[in-house]
Amino acid sequence: MSIRWIRYSTIALIFAAPVFAGLLWSEDPNIRDNPGGTDVAVNDGAGPDRITLDNYNPIAIDDPRIDIEDLTVDRRYAPDGRGEILDVMFTVHNLTNDPIELYAWVLAYRETNAVDEKDRRWVPYPMWRVQDPAKRDFVIHFMKITPKDIPPEKIWAPKANPDDKDGPYEQQKEIVDRMRDSVAAVRPVADLLPPAWMYIAYISRYPTQGLNFTLYGDATPPPDQLTLSDYVPPTPEEKRTKVFKNYDKHTYTIEQLRRKSIFRSHHYIRYKVDYEFYNTIAVVLFDAKAAKEYEQQVDAGNVAKEDIVNPMLFYQIYKIDHSLKIR
């Protein structure tokens, strides 16, 4: 390595450092914070909803006004050094001349069957049995939702009367209890979470709790709407100590252009014992006008089932493997 090369590299680094620092710490005036903050979704009731299969209607209407394409995923280290982040990016195209108001949800979670492969290596499943029933049961290990997480207690609860028929909570609890009681269980089994279909049923019941944004048409977005984000800039103390505490609060970034929006969701997960990463993504989009009408109809409770509007425009589940290839 020559002295001249070292000298040129040092000079280039001196001039480039302020530029990189400005890009990292500057607050873009075109970034608008989410008015809703990071508050959790609510069901507007005193107790949790008893979500059942009657609430599960994952059928999106074929809307010719929009087109979703180019979904990609990326895995990166969190800048705070305490975890990793899954970035989900896709493009929403407006195929009309007029703006379209939407609500968006992106769910990232890890879902497996009820068989712990690590424990099964020590205690294999009996070969004389034809099929392991645990392979037909699925559990959610963790979930991170954009724009806001939904506490499990908002979705389900144990049955109030012991004589009532078992609901999804009791059925899922039976699966988890069986995993804990298994002779192959040599490690703790975490508390149970609602199955994925209950999360979809819940956000379908309350679509307006999602991230609201406008998909612009011929008109170019105004300057203050070009980039939407809930990014929390570091405080002066965080800049001084280089200890950043709000990276987990950054859940989305939307770039708004003429006739399309580039949607990015960010799903933070901290390192922990038996660390695993996300393996499933669900993207759900609702028409804002129809979503508000739908909630009014359901709240009124006197509308015939066939007359209730369907605000869901897009619903797709993506499986990703360890190399982040979409299946």
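For the pair residue 163 and residue 323, what calculated FRET efficiency results from E = 1/(1 + (r/R0)^6), where r is the Cβ-Cβ distance and R0 = 51 Å, to the nearest 0.05?
Numbers: r = 50 Å, r/R0 = 0.98.
After rounding, the FRET efficiency stands at 0.55.
Going by average Cβ density within 10 Å per residue, which order do the peptides 265-275, 208-218, 100-110, 314-324 take, highest to lowest?
100-110, 208-218, 265-275, 314-324
For residue 249 and residue 65, compute 0.36 nm times the residue count separating them, minus their Cα-Cα distance, and round to one decimal in nm.
63.0 nm
Mind jotting down the distance between the C-alpha centroids of region 62-116 and region 259-327, whole Å?
So the two Cα centres are separated by 9 Å.
Give the calculated FRET efficiency between residue 304 and residue 272 to the nearest 0.05, with a Förster radius of 45 Å applied to their Cβ-Cβ distance.
0.40
The numbers here are math on the coordinates, done by the rules we state, and not lab data. Keep in mind that this is a model prediction, so the values were computed, not measured. Cβ atoms come from the backbone with ideal geometry, glycine included; neighbour counts cover every protein chain shown.
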